[in-house]
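To start, the structure itself, in structure tokens.
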Amino acid sequence: MNDTPGWTSPGSAPSDGHDGSGVPRPASPGDANGSAQWSKEQPPAGQWQAPTAPGAAAPPQAPARAQSGGGWNAPPPYGHWGPPPAAKPGVVPLRPMTLGDILDGAATTMRRYWQTVLAISLGVAVVAQLADILSIRFLASEPVPLDPDATPAEALAQSVDSLKSALVQSGPSYIIMIGAGVLCSALLTVVMSRAVLGRPITLGEAWRDARPRLLQLLGITFLVIALSAAIMLVGVLPGLLLGGSAGDGLAFVGGFCAFVAVVWLTIALSLASPALMLERQGVVKAMKRSMKLVQGSWWRIFGITLLTNVMVAVFSMLVAVPFLILATLASGSGLDAFMDGSVAETGWTFLIVVGIGGVITSALTYPLTSGVTVLLYIDQRIRREALDLELARAAGLPGYGG
């Protein structure tokens, strides 16, 4: 039996369950038997021909050249054929994608469906930045000082107090921003699934299709965060308990190993969200599905994800620095205060101007990161399960069945 999920884009008809693994591909356009029909031209006149044995039939002669306008029109060289170009009903070609295909597909979706994409990303960005501003304005407190000469037990207690202070200050804002990111990711995943098929979608349709999966998607997000935090704690806790220079060294080594493990886990589970949204699976099954799709392609997915995050970070910095300087000037502080870090960062003017820059950055980077993640998921399924055939059928392309 075949249990590989087909293409179940939200709002589209369910697939027939073909996975493409070992199953003959459907007939190409213009070929009822499923095999491409290629025509081979005769070699051009004047090309060397192998001699024939006595009594053997003479090889077919090349068509006579026709003179026209003083030039010779010869048929194309023998063997000039190639596979037909991949179908492209939407923003990406239906074949294994390159890095350029993935980035171009995400950018094309932003341009082609900008009204829906901007409505989603801008609305989410405004809510997230507003929560961040209120959190900093009303919950900010002085950081807990750490005593470098404290005993291991005292150092652990100070670290716990510092963590509590940070959670009180930024916890509510962080939770709201995570929820906003999950909402944006869910809606943009639906938009991208339609964009691949070349079908437009409204904000209301995206919300209707994404709403049933929001709690599960939120569960995946918090589960990944909890697993990452637990791994980091296990890595650094022995060194913190030991204390001293030996404890510091152990904490560094343990923290580095834990960080590597967290990066591996994050990439391995990076396709869980689109798997949950587009295959309509549960939380645990979506996480297992992601690990299966990433297996054997971890470094490729890591490289594309890292490059995307670097691009987002550079763009965010280019937007944030001018707004940060403008906020410093608008709050009454001089550039000297900005350079030495003595700006009052909890004033309303400063926070609002910086928040505007944050809204612009988030509204433009949310669609890029979400689009790259969804296209990586689609690309992995095309490479492993011939999802391109399911997508071609779902897009209604001729020659791919109903």
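Under 18 Å from the mean Cα position of the chain (by Cα) and within 22 Å of T116 (Cα to Cα): is that true of I201 in this structure? Here the answer is no, as I201 does not meet what is asked. Using the structure shown, decide if A261 is farther than 23 Å from V196 by Cα and in contact with a helix residue (DSSP H, G or I) (Cβ under 8 Å, 6 or more places away or on another chain). For A261, the condition - farther than 23 Å from V196 by Cα and in contact with a helix residue (DSSP H, G or I) (Cβ under 8 Å, 6 or more places away or on another chain) - is met.
Scanning the stretch 188-207 for residues that are of a type outside the set (D, E, K, R) and part of a helix (DSSP H, G or I) yields a count of 11. Screening L223, L187 for residues that are modelled with pLDDT of 80 or more, out of contact with any Pro (no Cβ under 8 Å at 6 or more places or on another chain) and surrounded by fewer than 16 Cβ atoms within 10 Å (Cβ to Cβ) leaves exactly one candidate, L223. Residues of the stretch 253-274 that are within 18 Å of C184 (Cβ to Cβ) and not polar (S, T, N, Q): L271, A272, P274.
Looking only at residues of the stretch 88-109 that are among the polar types (S, T, N, Q) and out of contact with any Pro (no Cβ under 8 Å at 6 or more places or on another chain), we find that the one that is surrounded by the most Cβ atoms within 10 Å (Cβ to Cβ) is T108.
Based on what the data block shows, is V263 more than 30 Å from L242 (Cα to Cα), of a type outside the set (S, T, N, Q) and part of a helix (DSSP H, G or I)? Explain how you work it out, then say what you get.
Working: more than 30 Å from L242 (Cα to Cα): no; of a type outside the set (S, T, N, Q): yes; part of a helix (DSSP H, G or I): yes.
Criteria not met by V263.
If you filter the stretch 363-381 down to residues that are hydrophobic (A, V, I, L, M, F, W, C) and at pLDDT below 95, you find that the one that is nearest to L306 (Cα to Cα) is L368. Look at (1) within 27 Å of I360 (Cα to Cα); (2) modelled with pLDDT under 95 and you find that G303 fails only one, number (2). Among the residues of the stretch 172-228, write down those that are polar (S, T, N, Q) and on the phi > 0 side of the Ramachandran plot. Correct list: empty. Just wondering, is there one or more residues in the stretch 241-257 that are more than 30 Å from L391 (Cα to Cα) and aromatic (F, W, Y)? Within the stretch 241-257, one or more residues are more than 30 Å from L391 (Cα to Cα) and aromatic (F, W, Y). Pairs only if they're at least six apart or on different chains, beta carbon under 7 angstrom, first in the stretch 106-129 and of a type in the set (V, I, T), second assigned to a helix (DSSP H, G or I) and at pLDDT below 90; list them, first residue then second. Pairs found: V124/A180; V127/A180. Close Cβ contacts (under 7 Å, 6 or more residues apart or on different chains) running from residues in the stretch 80-101 that are on the phi < 0 side of the Ramachandran plot to residues that are of a type in the set (D, E) and modelled with pLDDT of 80 or more comprise V92/D101; P93/D101; L94/D388; R95/D388; P96/D379; M97/D379.
Among the residues of the stretch 194-207, is any among the acidic types (D, E) and touching a residue at least 40 places away in the same chain (Cβ under 8 Å)?
Yes: one or more hits.
How about the stretch 96-134: which of its residues are more than 17 Å from the chain's Cα centre (by Cα) and under 24 Å from Q380 (Cβ atoms)? Across the stretch 96-134, the qualifying residues are R112, Y113. Just one of the listed residues (I231, I267) is aliphatic (A, V, I, L, M) and within 17 Å of the chain's Cα centre (by Cα), namely I267. Screening L218, L233, L240 for residues that are at pLDDT 90 or above, part of a helix (DSSP H, G or I), surrounded by 15 or more Cβ atoms within 10 Å (Cβ to Cβ) and not polar (S, T, N, Q) leaves exactly one candidate, L218.
The values are calculated or read from the model by the stated rules, or taken from the named source; none is laboratory data. The structure displayed is predicted, hence computed values, not measured ones. Cβ atoms come from the backbone with ideal geometry, glycine included; neighbour counts cover every protein chain shown.
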